[in-house]
Amino acid sequence: MIISIIIIMGFNILFVILPTNLMIKFMMNKKNDDFFEPVKLQAYYSELTKSEKSDFLKYLMVEFDYGYASLQAKMTGKASLNKRDIILIGKVIKDELWKQ
């Protein structure tokens with residue numbers, strides 16, 4: 001099941017489509033936010049092998065429409081992760097969705 005979020009900014013309308021199970025699990029388990037820190041996410045990424053990093057980035061690019069260069073910069077610490085990135089990437093890592 002897919003949930004759509006509509007954000008209206010001025011005259012621009014932005015549609016964000018997210019898997020419902022990620023959003024519901026996050027809303028129900030807000031007490032588990034200790035893993036959702038940029039430094040921990042980046043440390044997790046740095047410990048992956050080269051092929052695992054490739055699979056991980058590919059999953060995020062396909063499922064959440066991230067660009068390769070910006071995603072790689074965010075995961076290596078060259079660019080900052082915003083709140084949306086922290087939540088989505090944290091859930092993907094915690095539930096190991098990218099390995100399935």
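The set of residues from region 54-99 being aromatic (Phe, Trp, Tyr) and farther than 14 Å from residue 44 by Cα comprises 59, 64, 66, 68. Has region 59-68 got any residue that is of a type in the set (D, E, K, R) and either within 14 Å of the chain's Cα centre (by Cα) or within 18 Å of residue 100 (Cβ to Cβ) (or both)? Yes - at least one qualifying residue is present in region 59-68.
Total residues in region 58-96 satisfying the condition of being open to solvent by less than 40 Å² (accessible area, probe 1.4 Å) and under 18 Å from residue 37 (Cα atoms): the figure is 16. Whenever a residue of region 72-100 is more than 13 Å from residue 57 (Cβ to Cβ), its partners that are at pLDDT below 90 and surrounded by fewer than 16 Cβ atoms within 10 Å (Cβ to Cβ), lying with C-beta atoms within less than 6 angstrom and at least six residues away or across chains, give the pairs 90/35; 94/35.
Evaluating residue 48 against the criteria (1) of a type outside the set (Gly, Ala, Ser); (2) open to solvent by less than 50 Å² (accessible area, probe 1.4 Å); (3) within 14 Å of the chain's Cα centre (by Cα); (4) modelled with pLDDT of 90 or more leaves one unmet condition, (3). Among all residue pairs at least 6 apart or on different chains, which show Cβ distances below 7 Å where the first residue, located in region 36-51, is touching a residue at least 60 places away in the same chain (Cβ under 8 Å) and within 15 Å of residue 84 (Cα to Cα) and the second is aromatic (Phe, Trp, Tyr) and open to solvent by less than 40 Å² (accessible area, probe 1.4 Å)? From residues that are touching a residue at least 60 places away in the same chain (Cβ under 8 Å) and within 15 Å of residue 84 (Cα to Cα), there are no pairs. Answer yes if at least one residue in region 19-35 is modelled with pLDDT of 55 or more, under 23 Å from residue 78 (Cα atoms) and surrounded by 15 or more Cβ atoms within 10 Å (Cβ to Cβ), and no otherwise. No, every residue in region 19-35 fails to be modelled with pLDDT of 55 or more, under 23 Å from residue 78 (Cα atoms) and surrounded by 15 or more Cβ atoms within 10 Å (Cβ to Cβ).
The values are calculated or read from the model by the stated rules, or taken from the named source; none is laboratory data. From a predicted model like this one, the values you see are computed outputs, not experimental measurements. Methodologically, a virtual Cβ is constructed for each residue, glycine included, from the backbone with ideal geometry; neighbour enumeration extends over all protein chains shown. Calculation scope for accessible area: heavy atoms of the full protein, side chains included, ligands and nucleic acids excluded. Shrake-Rupley method; radii C 1.70, N 1.55, O 1.52, S 1.80 Å.
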